[in-house]
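Have a look at the structure below, then the notes.
The values are calculated or read from the model by the stated rules, or taken from the named source; none is laboratory data. Only a predicted model underlies this, so the values are computations on that prediction, with no experimental measurement involved. FYI the Cβ positions are ideal-geometry reconstructions off the backbone, even for glycines, and counts take in every protein chain you see. Heavy atoms of the whole protein, side chains included, go into the accessibility calculation; ligands, DNA and RNA do not. Shrake-Rupley method; radii C 1.70, N 1.55, O 1.52, S 1.80 Å.
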Amino acid sequence: MNIELTDKQMTAIAGKTAQMVVSLLKREQSMQVKEKKYVDINKAADILGYSVYHLRRIKDQFPHIKRGDNAQGRLLFEEDALYASFTK
């Protein structure tokens with residue numbers, strides 16, 4: 001059986017597939033946030049003894065997620081990983 005699709009149909013299928021993948025990824029990320037305790041950047045900086053400014057510069061050294069849709073989304077850090085950084 002050979003099915004031919006137009007460019008418009010392929011684009012529609014690709015768009016729908018992308019929406020489904022994004023939805024599944026968001027759901028998975030949401031479930032991960034519920035399993036782990038996250039703290040905002042102010043609390044994370046207090047735990048580490050850094051300024052908020054310095055922590056923003058080195059944020060990639062610690063597990064974190066960004067919440068929000070805009071470029072300046074809210075940074076949340078995995079609390080257990082922050083405390084674990086003292087034992088390394």
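Remarks
- Odd one out for Met20 among (1) loosely packed, with under 11 Cβ neighbours inside 10 Å; (2) touching a residue at least 12 places away in the same chain (Cβ under 8 Å): (2)
- Residues of the stretch 63-80 satisfying the condition of being without any contact (Cβ under 8 Å) to a residue 24 or more places away in the chain and open to solvent by less than 20 Å² (accessible area, probe 1.4 Å): Gly73
- Going through (1) part of a helix (DSSP H, G or I); (2) open to solvent by 70 Å² or more (accessible area, probe 1.4 Å); (3) of a type in the set (Val, Ile, Thr) one by one, Ile47 falls short only on (2).
- Failed criterion for Val39 (all others in (1) part of a helix (DSSP H, G or I); (2) β-branched (Val, Ile, Thr); (3) surrounded by 11 or more Cβ atoms within 10 Å (Cβ to Cβ); (4) at pLDDT 90 or above hold): (1)
- Number of residues in the stretch 1-36 that are within 19 Å of the chain's Cα centre (by Cα) and assigned to a helix (DSSP H, G or I): the value is 18.
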